[in-house]
Amino acid sequence: MPSIIGIGEAPTSGLRRGVVVDVEETVSAITAALESAERMSGISIERATVSIDGNHIKSMNSKGTVAVSRADHIISKEELERAEQSATAISLEANRQILQIIPRSYSVDGQDGIVDPVGMNGLKLEVDTHIITGSTPAIKNLQNAVFRSGIQINNQFIVPLAAARTVLTKKHIEQGVALLHIGSETIGLAIFLEGQLSYTEIFPFGSNSITKDLVYGLRTSMDIAEKIKLKYGAASKPNMRNQQTIDLAEFGGKGVVLKSDIDKIIHARLNEMITIVAKQIDKVDSHKQLNSGVVITGGGANMPEITDFIKSYVKLPVMIGSSSKYTGVSEKIKDPGFTTAIGLMLEDMELPRNQKTSRFEGILGKVGIKAKSIFKSLMP
């Protein structure tokens, strides 16, 4: 189990709903976080595997089929790559590109459910893949900000898959599970059915949506609203009879607000967000196969009573997934908000040295090949 020797954090206003809207601000934030991590670890950071976020991310399942070309009909790694490449023959909108191709299972001469067909004998090889695409401008803007911070990109993974890499187990995936990453600007969803990644989506709202509602509802600043949310926020039904008052002077503001008003605002926004997410989970899991329920992570998982709140919408077991099994220099790494970063670290550690390239190869190429290992350690 790796021990984490350095972390770095920095606030930024350069991202909105997971997408770069101000390159200079994003570069400054990345640089500040890097410097902090380097000071703590004593190591100069030159390369990284980074996350990509935003509701421009879309996914689909696609199959590819090839005839086995070798004379002895033994399937090689090259045959796998040809099959996976054939699965990418899909129609994409302008300014979109394939970000990841993740094989789900293989079929050899009609025999389904094969995990690794290399070395098997057959005439026809079919692969069932999960393909993730993104907006080319959004991807390039993020890459540009990272490059300008002095970092070469080894690889990129979308947020919910990186978080899933940290918190999900083989048992979760075998039994069926939905991973819900509640971030500040987005909520990421990854659904595994029958041991396979079946669906991914990123919704354009997150815990910061609650903060913004508190700003308007309480007529206060973003800074004070965030502090109120962190101290008094809970995912519970508002009790309008509760006349408890909160003095904003506690947070550097003026006036008083009712605790019941805070609860009402938070409940309304949570209801809207989780209703949308729950409907999508129910749509994908139409045959009720999510026996491991829902695992929630991300900073939003820290809100009191959030598990019971989500459980009432999805009608499934709900638990918080954290990175508590990892050791290191700070207790912060046990926070659910760090699961994405740790998942990226784990993926980067498993990349072969000859695939840690000096530049990010943007469409398929090595990116598609590297993405194949994302859940290799979790699969049965």
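Quick note: the coordinates plus some simple rules give every number you see, no bench work behind them. Since this is a predicted model, take the numbers as computed values, not measurements. Quick reminder, even Gly has a Cβ in these numbers, built from the backbone with ideal geometry, and neighbours come from all protein chains shown.
Considering every pair of different Cα atoms, what Kirkwood radius, in Å, is found for segment 231-275?
Working: mean 1/r = 0.0891 Å⁻¹.
Final number for the Kirkwood radius of segment 231-275 is 11.2 Å.
Select from segment 53-147 those trypsin sites (Lys or Arg not before Pro) which occupy a DSSP coil region and have at most 14 other Cβ atoms within 10 Å, ordered by residue number.
Here the trypsin sites (Lys or Arg not before Pro) that fit, given the DSSP loop and packing criteria, are R70.
Please work out the Cα convex hull volume for segment 262-329 and give it in Å³ per residue.
Working: hull volume 7.1 nm³, N = 68.
That works out to 104 Å³ per residue.
Out of these labelled values of Kirkwood radius over Cα pairs in Å, [x] 21.6; [y] 22.2; [z] 20.4, which was calculated from the coordinates shown here?
Identified label for the calculated read-out: [y].
Among residues other than D247 whose Cβ falls under 13 Å from its Cβ, what is the net charge (Lys/Arg +1, Asp/Glu -1)?
Values: positive: K227, K231, K254, K259; negative: E250.
Around D247, the charge tally is +3.
Could you tell me how far the Cα centroid of segment 277-326 sits from the Cα centroid of segment 53-121, in Å?
Taking the Cα centre of each part, segment 53-121 and segment 277-326 sit 30 Å apart.
Taking GluC sites (Glu not before Pro) that fall in a DSSP loop and have at most 15 other Cβ atoms within 10 Å as cut points, what is the longest piece of the chain between them?
Details: sites that count: E9, E46, E93, E194, E305, E361.
In the chain, the maximal stretch lacking such sites is 195-304.
So what's the net charge close to L316: Lys and Arg +1, Asp and Glu -1, counting the other residues with Cβ under 15 Å from its Cβ? It would help to have the intermediate numbers written out before the result.
Numbers: positive: K279, K283, K288, K311, K315; negative: D282, D285, D308.
For residues surrounding L316, the net value is +2.
May I ask for the percentage of alpha-carbon pairs in segment 1-120 that lie more than 24 Å from each other? Intermediate values should be presented prior to the final figure.
Values: 3936 of 7140 pairs.
I get 55 percent for the Cα pairs in segment 1-120 exceeding 24 Å.
Mind pulling the angle between the C-alpha long axis of helix 77-87 and the longest principal axis of the chain? Nearest 10 degrees, somewhere in 0 to 90.
60 degrees
Tally Lys and Arg at +1 and Asp and Glu at -1 over the other residues with C-beta under 13 Å from the C-beta of P137: what net charge comes out? Present the calculation step by step, with values, prior to reporting the outcome.
Values: positive: R96, K140; negative: E93.
Overall, the nearby charge balance is +1.
Could you tell me, in Å, what Rg and Dmax come out for the Cα atoms of segment 187-263?
17.0, 54
Could you tell me the distance between the Cα centroids of segment 1-16 and segment 166-222, to the nearest Å?
19 Å
List, in order, the whole-Hz ³J(HN,Hα) value for each residue of segment 339-346 obtained from phi through the Karplus relation with A = 6.51, B = -1.76, C = 1.60 and θ = phi - 60°; use x for Gly and Pro.
Result, rounded to whole Hz: 5, 5, 4, 5, x, 5, 4, 5.
With N residues in segment 58-135, what two-decimal value do you get for its Cα radius of gyration over 2.2 N^0.38 Å?
Values: Rg = 13.2 Å, N = 78, 2.2 N^0.38 = 11.5 Å.
Against the compact-globule rule of thumb, the ratio is 1.14.
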